[in-house]
1. At a Förster radius of 22 Å, what calculated FRET efficiency corresponds to the Cβ-Cβ distance of Ala139 and Val69, to the nearest 0.05?
2. Once the other residues with Cβ under 13 Å from the Cβ of Leu89 are scored (Lys, Arg +1; Asp, Glu -1), what is the net sum?
3. Remind me, relative contact order of the chain in percent, using alpha carbon pairs under 8 angstrom and six or more residues apart?
4. Give the peptides 83-96, 116-129 in descending order of average Cβ contacts within 10 Å, highest first.
5. For the chain, what are the DSSP H helices with axial Cα length of 24 Å or more and mean Kyte-Doolittle hydropathy of at least 0.0?
6. When 1/r is averaged over all different Cα pairs and the result inverted, which Kirkwood radius in Å belongs to the chain?
7. Compute the FRET efficiency between Val123 and Ala15 as 1/(1 + (r/R0)^6), taking r as their Cβ-Cβ distance and R0 = 35 Å, and round to the nearest 0.05.
8. Taking +1 at the Cβ of each Lys and Arg and -1 at the Cβ of each Asp and Glu, which of Leu73, Gln136, Pro56 sits farthest along the dipole of the chain towards its positive end, judged by Cα position relative to the Cα centre?
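Since every read-out is calculated from the coordinates, none of them should be taken as a lab result. Just so it is clear, the model here is predicted, and its values are computed rather than measured. Here the Cβ is made from the backbone with ideal geometry for all residues, glycine too, and neighbour counts use every protein chain on show.
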Amino acid sequence: MQNEASSVNDQKWAAQTRLAAGRFGWRAAGLAAAVFAALGVGVVLLSQFLWRHDAPDGLWLGVMILSGVGGALLGTQRLGALEAGAGALAFLPGAWLAVVVLQAALGDAAPRDPGVADQWATVLAVIVACAAGSVQSWAAVRRTTAT
């Protein structure tokens, strides 16, 4: 869009096109946030009801792999890397929300924390952003070689 805006004589249209190219996709980030908040809720619920507070050793590795796959799938839907990574930051609030709801419903039998260190949410954001960006780059290369 930037190249297109620089190649026309209509300055007003070019300015609007440049602004549109630089906009953050809030709707796309919201979709990614919903996906990863649900993943956070799922991890807490599985830990609470399936594994009874004794999560398997490979849980975090599985979450990272699942996040990478989710990021790649979001990238196939033309979701930008920035939007996908920003949406992945909702994993931790989703997990904490599940903990709070379980504490309200179960009392002392509920978990006290989501079982995931808070700083690892940034790792998920980087994984998701890289996966979405890689898929989009691969698709762009594939489109240019196909033509």
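1. Rounded to the nearest 0.05, the efficiency is 0.85.
2. Numbers: positive: none; negative: Glu83, Asp118.
Once positives and negatives cancel, what remains is -2.
3. 30
4. Going by the mean number of other Cβ atoms within 10 Å, highest first, we get 83-96, 116-129.
5. Flagged H segments are 26-45, 59-76, 120-146.
6. 17.0
7. 0.35
8. Comparing the listed Cα positions along the dipole, Gln136 ranks first.
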